[in-house]
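Structure, as structure tokens:
The values are calculated or read from the model by the stated rules, or taken from the named source; none is laboratory data. Owing to the predicted nature of the structure, the values given are computational and were not obtained by experimental measurement. Here Cβ is always computed from backbone atoms with ideal geometry, including for glycine, and neighbour counts include all displayed protein chains. Side chains are part of the model used for accessible areas, which takes the heavy atoms of the whole protein and leaves out ligands, DNA and RNA. Shrake-Rupley method; radii C 1.70, N 1.55, O 1.52, S 1.80 Å.
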Amino acid sequence: MEAPFCRCGLASDLKKSWTKANPGRRFYGCSKYGTDGACNFFRWHDPVVDEHMKFVVLNFHRRIRELEKRQNGQGSKANGCPVFIFIVISLVFSFIWMGLGM
């Protein structure tokens, strides 16, 4: 999907929300966001997520941050890639499992 244009006439940026109400949910926002002259364009890219998945995503996100903080004292962030990949794969399987109604 091509990014929609904001009221500034520019292609909007795809961003990610980390609020409790919309954790991990992607949206399009003005590419000038946070600067003078931004038009405050906003449009959701992802559908609404149910409460259980919000809980799961927030907990995975919290756990990733904790692991990254621990690893920052021991080396580079790159060491966290296997953990991140495992979590992403787990999320994908969770979405598939829920979609199948199991």
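Can you tell me which residue in the range 7-48 is least open to solvent (accessible area, probe 1.4 Å), limited to those that are part of a strand (DSSP E or B) and basic (Lys, Arg)? My answer is 15.
Residue pairs whose Cβ atoms lie under 6 Å apart, sitting 6 or more positions apart in sequence or on different chains, and linking a residue in the range 1-25 that is touching a residue at least 60 places away in the same chain (Cβ under 8 Å) to a partner that is open to solvent by 90 Å² or more (accessible area, probe 1.4 Å) and among the β-branched types (Val, Ile, Thr), do not occur here.
Scanning the range 39-76 for residues that are of a type outside the set (Lys, Arg) and touching a strand residue (DSSP E or B) at 6+ places or on another chain (Cβ under 9 Å) yields 40, 41, 42, 44, 45, 46. Would you say residue 57 is open to solvent by less than 60 Å² (accessible area, probe 1.4 Å), hydrophobic (A, V, I, L, M, F, W, C) and at pLDDT below 85? Criteria not met by residue 57. Among the residues of this structure, residue 101 does not count as one that is in a loop (DSSP other than H, G, I, E, B), at pLDDT 90 or above and more than 13 Å from the chain's Cα centre (by Cα).
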